[in-house]
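Single-structure report; data block below.
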Amino acid sequence: TEEALMKTEKLSAVGQLAASVAHEIRNPLTSVKGFIQLLKQDEFVSDKAPFLSIMLSEVDRMDSIIKDLLVLAKPQVERLSSFSIDKLLSYVLQLLSTQASLYNVYFIKEFSEEDLHLFGEENQLKQVFINLIKNAIESMPNGGRVTIRLSKTDDEFIIMIQDEGVGIPQHKIKTLGEPFYTTKEEGTGLGLLSSFKIIENHHGSITFDSTVGIGTTVTVQFPHSKEEQ
Ligand code: ADP
Ligand code: MG
């Protein structure tokens, strides 16, 4: 209906404003960060160095919140295309390989590249899997395995990301995706919020199956039509 249409337009105008504000804030933040780093090297302020370190990490935190907000505020489904979901997953694993090895985390890729095509916004879905696999890595401070599976049924693609991390208490599962819900010192709690939105835009679903101390399995499903293949 027309009313619904207007609502979407309004939302995207607000989104655009948020995106430009976020973008504008990032520039001065970058220079503030640069000058703090310079001050840290100055011998006259060296006894204040702990304060500067706090300033630096707080600036970093602002920067990561803004970065996540930018993803959130971006216009929703923009450039639709048909792309290979298995290639996208392999790309994301490659992108995160450095972070994984820093955490002593190994990826187990339980899928082959068969060019399973999904229709949607490739960059947004890339962001979803970056967020989910990053969370899997970050859940294992002492290392472990992240298993990534991809399968296809008649009408769905199913992607599973399984970690051996700290897990999520049952009563917290419904809190996931709430803005700023995070259990991490450096976290923003915006990764899942934006991922949920993107998955919803693609008519998909996401579920969490978790046991504290054992690990978490995140399952993402997307409908597909046979014509896409
Ligand atoms: P952030 O990673 O910045 O904290 P997210 O929205 O990505 O924000 O995640 C929110 C919270 O959900 C995390 O802080 C963590 O507590 C929990 N979480 C998400 N994924 C996992 C996972 N795989 N294992 C354990 N906890 C998780
Ligand atoms: Mg995250």
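Odds and ends about this structure:
- Those residues of the stretch 176-188 which are within 8 Å of ligand 1 (Cβ to nearest atom) and not acidic (Asp, Glu), in sequence order: 176, 177, 181, 182, 183, 184, 187, 188
- Matching entry among 46, 64 (being hydroxyl-bearing (Ser, Thr, Tyr) and within 22 Å of residue 189 (Cβ to Cβ)): 64
- Total residues in the stretch 108-134, condition of a type in the set (Phe, Trp, Tyr) and surrounded by fewer than 17 Cβ atoms within 10 Å (Cβ to Cβ): 1
- Among residues of the stretch 173-195 that are more than 18 Å from residue 124 (Cβ to Cβ), those with a Cβ under 8 angstrom from a residue that is among the hydrophobic types (A, V, I, L, M, F, W, C) and more than 8 Å from ligand 1 (Cβ to nearest atom), sequence gap 6+ or separate chain, pair up as 189/180.
- Among the residues examined, residue 138 qualifies as buried (at least 17 other Cβ atoms within 10 Å of the Cβ), within 16 Å of ligand 2 (Cβ to nearest atom) and within 18 Å of residue 92 (Cα to Cα).
- Residue within the stretch 203-215 that is over 18 Å from residue 152 (Cβ atoms), in contact with a Gly (Cβ under 7 Å, 6 or more places away or on another chain), modelled with pLDDT under 95 and within 8 Å of ligand 1 (Cβ to nearest atom) present: no
- Count - residues of the stretch 13-56 that are under 28 Å from residue 73 (Cα atoms), at pLDDT 85 or above and surrounded by 13 or more Cβ atoms within 10 Å (Cβ to Cβ): 7
- Taken across the stretch 171-182, residues that are within 16 Å of ligand 2 (Cβ to nearest atom), of a type in the set (S, T, N, Q), more than 15 Å from the chain's Cα centre (by Cα) and surrounded by fewer than 20 Cβ atoms within 10 Å (Cβ to Cβ) do occur, with at least one present.
- Every residue from the stretch 103-124 that is within 16 Å of ligand 2 (Cβ to nearest atom) and part of a helix (DSSP H, G or I): 124
- Given (1) at pLDDT 95 or above; (2) buried (at least 18 other Cβ atoms within 10 Å of the Cβ); (3) within 28 Å of residue 70 (Cα to Cα), number of the condition residue 199 does not satisfy: (1)
- Where residue 137 falls short, out of the listed (1) farther than 30 Å from residue 55 by Cα; (2) of a type in the set (Val, Ile, Thr); (3) within 13 Å of ligand 1 (Cβ to nearest atom): (1)
The values are calculated or read from the model by the stated rules, or taken from the named source; none is laboratory data. For clarity, every value in this text was computed on a predicted model and none was experimentally measured. Neighbour counts are summed over all protein chains in view; Cβ atoms, including those assigned to glycine, are modelled from backbone coordinates with ideal geometry.
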